[in-house]
Structure formats: structure tokens, C-alpha cells
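Undergrad: My questions will all concern the structure given below.
The values are calculated or read from the model by the stated rules, or taken from the named source; none is laboratory data. Note that the coordinates shown come from a computational prediction; the quantities given were computed from them, not determined experimentally. Glycine gets a Cβ as well: all are built from the backbone with ideal geometry, and neighbour counts include every protein chain shown.
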Amino acid sequence: MDAAHWTQIIDNDPLAKDVASISEYRKLKEERGKLPEVKWHQKFSGAEGSWSAVRRQEPISTQSVLSEPVTATRNIILTGQNLIVPALVAWPDDEIPADWRARLASHTEYADAPLLNTKLDEKFIDALDIPADERRNGENFPVWASHEGLPPAYLPMDECDPIKDHGFLYAELLQQAGVLTRTDYYKGLPNMFVQFPELPKTPQAGIYLSAAIGWLLQERK
């Protein structure tokens with residue numbers, strides 16, 4: 001059992017104090033009708049019930065949040081999208097339109113980039129366990145969705161990264177749909193550069209990110 005995960009569950013759900021394991025917790029939640037049906041992108045590993053990777057307790061995307069009315073149980077209001085070097089399309093995929101493919105050249109240009117290379121990115125996509133016929137569903141990879149009516153987006157991108165062109169493509173699609181969009185580009189930096197404060201451009205990126213968050217939180221009519 002993963003003690004850290006179990007401790008987090010106990011701290012956030014009093015119901016967990018009544019059971020001895022995550023498997024018992026899940027059974028109790030199912031009996032009480034409080035646990036959503038397990039989707040393909042949720043993974044519960046092992047008979048002992050340790051959670052190896054739980055993508056989301058309930059799948060939520062920008063599109064699904066915007067399409068549902070605000071209620072007592074779904075009170076999420078999105079004012080903006082903060083997408084730091086986002087992975088927005090499953091690669092490789094023969095069904096990707098030719099014009100998109102040309103704008104996703106970073107997958108080949110930076111196939112051997114540090115920290116994240118193309119092979120590792122493909123492993124991460126496969127680990128999501130998304131069926132092939134769902135990889136072009138906008139609920140899973142937003143480039144395939146309708147973008148009209150989405151909230152403003154901030155997309156900071158790096159350079160030495162096979163997925164960096166995802167953000168540039170998405171920003172263009174958002175702009176075509178009339179969505180307010182801001183981008184920043186940090187030349188020479190790799191994926192996850194925000195995790196390395198000693199890099200010369202990371203502090204600057206933090207300042208720009210703070211300003212962008214303020215912009216995304218602005219109330220707009």
C-alpha cells in the first residue's frame with residue numbers, strides 16, 4: 001500500500017477512517033454510491049488496492065466544465081487556461097491533418113531532447129491507456145475539440161522539447177476561434193524547465209507566469 005496516497009485520502013475524506021485499506025475504501029464508496037464508475041483513464045493496481053496512478057477521480061476537461069451548468073455539486077467556473085508546455089495531441093497518429101503535422105515538427109526536430117524525448121513522450125501517452133479511437137476526442141486531447149467560447153489561455157513554451165509545438169498549434173487554433181491568447185517562448189530551455197530555478201531564464205519565467213495568472217483571473221463580461 002502506498003502510505004503517502006492513503007494518508008492523503010484519510011486527510012481529505014472522513015469516510016476513509018472507517019476502513020483499513022484502499023480496496024475496502026473503494027468498496028465502501030461504491031456501496032454508498034459516492035464513487036464514479038471507473039473510466040479507462042483510471043487505474044487501480046493490485047488486489048491490495050494501492051493506487052498506482054489515478055488520473056482523475058472524475059474526468060474533467062475545459063469542454064466538459066463549460067458545457068455543464070453551475071450547480072451545488074459542479075461549481076467550477078473557469079476564467080482562464082494556464083498551459084505550460086502542454087501535451088495536447090497523441091503522437092504519432094496517421095490521422096493528424098497534414099497542415100497540423102507540418103506545425104508539429106518539434107517531434108522530429110527535438111526527438112532526442114534532454115529530459116523529455118520523443119520515445120519517452122510516447123510512453124507517457126501510452127500510459128494514459130486511452131484507446132486509439134478516443135485519441136481524437138477533444139475531451140482527451142483538446143486540439144480536436146471545438147474552441148469557441150473557451151476562456152483566455154496563457155501558453156509558455158520552451159525550445160528543446162518534442163511537444164513544444166503543441167502549444168503553438170493550440171494557440172493558433174484558439175486565436176482562430178476568437179479566444180484571447182498569450183504566449184511566451186523560452187529559447188534554449190528543455191521540458192520541465194520551471195523545475196530548475198538555477199537556470200538563468202527560470203526566474204523571468206516565474207515573473208511572467210505570475211503576471212499571466214493575474215490576467216487569467218480578471219473578470220470579463
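Undergrad: Hey, can you tell me all the residues within region 90-106 that are farther than 20 Å from PRO190 by Cβ and touching a residue at least 60 places away in the same chain (Cβ under 8 Å)?
TA: TRP100, ARG103
Undergrad: Still on this structure, please answer the following. If you go through region 63-98, how many residues are outside any loop (DSSP other than H, G, I, E, B), modelled with pLDDT of 60 or more and surrounded by fewer than 14 Cβ atoms within 10 Å (Cβ to Cβ)?
TA: Residues meeting the conditions: 1.
Undergrad: Take LEU155 and tell me if it is hydrophobic (A, V, I, L, M, F, W, C), crowded, with 19+ Cβ neighbours inside 10 Å, assigned by TED's automatic domain parsing to the domain that holds TRP91 and not in a loop (DSSP other than H, G, I, E, B).
TA: Against the criterion (hydrophobic (A, V, I, L, M, F, W, C), crowded, with 19+ Cβ neighbours inside 10 Å, assigned by TED's automatic domain parsing to the domain that holds TRP91 and not in a loop (DSSP other than H, G, I, E, B)), LEU155 qualifies.
Undergrad: Let me ask you something else. With (1) touching a Phe, Trp or Tyr at 6+ places or on another chain (Cβ under 9 Å); (2) at pLDDT below 95; (3) of a type outside the set (Val, Ile, Thr) as the list, and ASP161 as the residue in question, which single condition is left unmet?
TA: Failing condition for ASP161: (2).
Undergrad: Given the structure, is GLN176 modelled with pLDDT of 95 or more and over 21 Å from SER106 (Cα atoms)?
TA: yes
Undergrad: Quick one: ALA177 ticks every box in (1) hydrophobic (A, V, I, L, M, F, W, C); (2) surrounded by fewer than 17 Cβ atoms within 10 Å (Cβ to Cβ); (3) in contact with a Lys or Arg (Cβ under 8 Å, 6 or more places away or on another chain) bar one, so which box is it?
TA: If we test ALA177 against (1) hydrophobic (A, V, I, L, M, F, W, C); (2) surrounded by fewer than 17 Cβ atoms within 10 Å (Cβ to Cβ); (3) in contact with a Lys or Arg (Cβ under 8 Å, 6 or more places away or on another chain), just (3) comes out false.
Undergrad: Kindly indicate the residue of region 186-216 that is surrounded by 11 or more Cβ atoms within 10 Å (Cβ to Cβ) and assigned to a loop (DSSP other than H, G, I, E, B) and also modelled with the highest pLDDT among those meeting that condition.
TA: Checked region 186-216; the qualifying residue modelled with the highest pLDDT is ASN191.
Undergrad: Would you say ALA171 is under 24 Å from TRP91 (Cα atoms), among the small types (Gly, Ala, Ser) and either out of contact with any Cys (no Cβ under 7 Å at 6 or more places or on another chain) or assigned to a loop (DSSP other than H, G, I, E, B) (or both)?
TA: yes
Undergrad: Okay, moving on. Within region 129-146, does at least one residue satisfy the condition of being surrounded by 13 or more Cβ atoms within 10 Å (Cβ to Cβ), of a type in the set (Asp, Glu) and out of contact with any helix residue (DSSP H, G or I) (no Cβ under 7 Å at 6 or more places or on another chain)?
TA: For region 129-146, residues surrounded by 13 or more Cβ atoms within 10 Å (Cβ to Cβ), of a type in the set (Asp, Glu) and out of contact with any helix residue (DSSP H, G or I) (no Cβ under 7 Å at 6 or more places or on another chain): present.
Undergrad: Sticking with this one: Just to be sure, is THR118 touching a His at 6+ places or on another chain (Cβ under 6 Å), without any contact (Cβ under 8 Å) to a residue 60 or more places away in the chain and either in the same structural domain as ILE84 (by TED's automatic domain parsing) or surrounded by 20 or more Cβ atoms within 10 Å (Cβ to Cβ) (or both)?
TA: yes
Yes or no, residue by residue, for (1) in contact with a Ser or Thr (Cβ under 8 Å, 6 or more places away or on another chain); (2) outside the structural domain of LEU88 (by TED's automatic domain parsing); (3) of a type outside the set (Asp, Glu):
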| position | (1), (2), (3) |
| --- | --- |
| PRO151 | yes, no, yes |
| GLU159 | no, no, no |
| TYR170 | no, no, yes |
| GLY178 | no, no, yes |
| THR183 | no, no, yes |
| PHE193 | yes, no, yes |
| PRO197 | no, no, yes |
